Amino acid sequence: GISLGVAVLIIVMSVMNGFRTELISKILGFNPHIIIKPYNKKIDEKSLKSLDSLKKYISRTAFTHSGQGVLINKENTIGVMVRSYVQNDIDKINLIKKGIIDGSLDSFTKNTISIGKELAMSLNLIVGEQITLMSTSSLQTPFGNLPLQEKFTISSVFSTGLAEFDQNVIFIPFENANSLFELSDLDIDLEIFLQKPEEAQFVKKKLQDSFSDHYVYSWADLNKSFFGALKV
């Protein structure tokens, strides 16, 4: 009885630990470890210099924008999270780079779009087809405010292994995001990726002094309830 009880306990703990490790690796492969969002002023060079003292913890940084949009395809419409990188270097996201199942990131240029596998299936889309993206910004006309929208050609389809991401997140070049969402300096976030994601809370506390005029979040803060449940 003791042997059987211990064996069951070990198996259950092993399964849960494996599940937790795999899930965290997927989430961290897609999302930054720390995000700095402007509050009432842009992220300036003076604040960025403070990152020099934390170089040993940081693997890379990127300026990005995230917003809400609506994809329109014939009679189908669906709300999505629109992400763009100032340098258009989404190939540095390993989960995206390794997860391309159709098309190529080499053709990720102006007026192209990269979408997830689940989204492609739900809208019946393939690489090379055109689709319309409508933003939350609007254009004033004599007939009232009209939402801004642009046509994009699908350049690639990715699969991250997490249906939530594959269904709801798309990538567009920064040039298009800039015009589609009428971006200002306050709309550009700084994403920080660490050598060791478990050090996020420690690095976050260090950054809060240098970026006191901005919001500073870690990946654990953004998924607090989820990881709290996993710990229990």
Worksheet item: What's the number of the condition residue 215 fails, among (1) surrounded by 15 or more Cβ atoms within 10 Å (Cβ to Cβ); (2) of a type in the set (Phe, Trp, Tyr); (3) in contact (Cβ under 8 Å) with a residue 60 or more places away in the chain?
Response: (1)
Response to the item:
A careful count of residues in the stretch 51-83 that are within 30 Å of residue 122 (Cβ to Cβ) and either in contact (Cβ under 8 Å) with a residue 12 or more places away in the chain or not polar (S, T, N, Q) (or both) gives 20
Worksheet, complete the sentence: Going through (1) touching a Phe, Trp or Tyr at 6+ places or on another chain (Cβ under 6 Å); (2) among the small types (Gly, Ala, Ser); (3) modelled with pLDDT of 90 or more one by one, residue 137 fails only at (3)
Practice prompt. Go over the candidates 18, 5, 69 one by one and state the one that is closer than 19 Å to residue 171 by Cα and of a type outside the set (Ser, Thr, Tyr).
Written response: 69
Discussion item. Please pick out the residue among 174, 108 that is among the aromatic types (Phe, Trp, Tyr) and open to solvent by 30 Å² or more (accessible area, probe 1.4 Å).
Written reply: 174
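Quick grid of which residues meet (1) of a type outside the set (Gly, Ala, Ser); (2) open to solvent by 20 Å² or more (accessible area, probe 1.4 Å); (3) under 17 Å from the mean Cα position of the chain (by Cα); (4) modelled with pLDDT of 85 or more:
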position: 100; (1), (2), (3), (4): yes, yes, yes, yes
position: 129; (1), (2), (3), (4): yes, yes, no, yes
position: 143; (1), (2), (3), (4): yes, yes, no, no
position: 149; (1), (2), (3), (4): yes, yes, no, yes
position: 158; (1), (2), (3), (4): yes, no, yes, yes
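Residues to consider are 113, 96; find the one that is modelled with pLDDT of 90 or more and either within 14 Å of the chain's Cα centre (by Cα) or closer than 24 Å to residue 183 by Cβ (or both).
On the way: 96 fails: modelled with pLDDT of 90 or more.
When all the criteria are applied, what remains is 113.
Given the residues 58, 72, which is the only one that is of a type in the set (A, V, I, L, M, F, W, C) and open to solvent by 40 Å² or more (accessible area, probe 1.4 Å)? Break it down into steps so the answer makes sense when it comes.
Numbers: 58 fails: open to solvent by 40 Å² or more (accessible area, probe 1.4 Å).
When all the criteria are applied, what remains is 72.
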Discussion item. So for the stretch 141-160 (the condition being touching a residue at least 60 places away in the same chain (Cβ under 8 Å) and of a type in the set (Phe, Trp, Tyr)), does at least one residue qualify?
Written reply: yes
Worksheet, complete the sentence: Condition set open to solvent by 20 Å² or more (accessible area, probe 1.4 Å), closer than 24 Å to residue 218 by Cα and among the acidic types (Asp, Glu), scope the stretch 177-192, selection modelled with the lowest pLDDT: answer is 185
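Condition check ((1) of a type in the set (Val, Ile, Thr); (2) over 22 Å from the mean Cα position of the chain (by Cα); (3) open to solvent by less than 30 Å² (accessible area, probe 1.4 Å); (4) more than 20 Å from residue 187 (Cα to Cα)) across all residues:
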{"residue": "3", "(1), (2), (3), (4)": "no, yes, no, yes"}
{"residue": "7", "(1), (2), (3), (4)": "no, yes, no, yes"}
{"residue": "27", "(1), (2), (3), (4)": "yes, no, yes, yes"}
{"residue": "36", "(1), (2), (3), (4)": "yes, no, yes, no"}
{"residue": "39", "(1), (2), (3), (4)": "no, no, no, no"}
{"residue": "42", "(1), (2), (3), (4)": "no, no, no, no"}
{"residue": "47", "(1), (2), (3), (4)": "no, yes, yes, no"}
Discussion item. Of all residues being over 16 Å from the mean Cα position of the chain (by Cα) and in a strand (DSSP E or B) in the stretch 193-215, which is modelled with the highest pLDDT? Just the residue, please.
Written reply: 215
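The values are calculated or read from the model by the stated rules, or taken from the named source; none is laboratory data. Not measured: the values here are computed from a predicted model. Positions of Cβ are generated from backbone atoms using ideal geometry, with glycine treated the same way; all protein chains shown enter the neighbour counts. Side chains included, ligands, DNA and RNA excluded: accessible areas come from the protein's heavy atoms. Shrake-Rupley method; radii C 1.70, N 1.55, O 1.52, S 1.80 Å.
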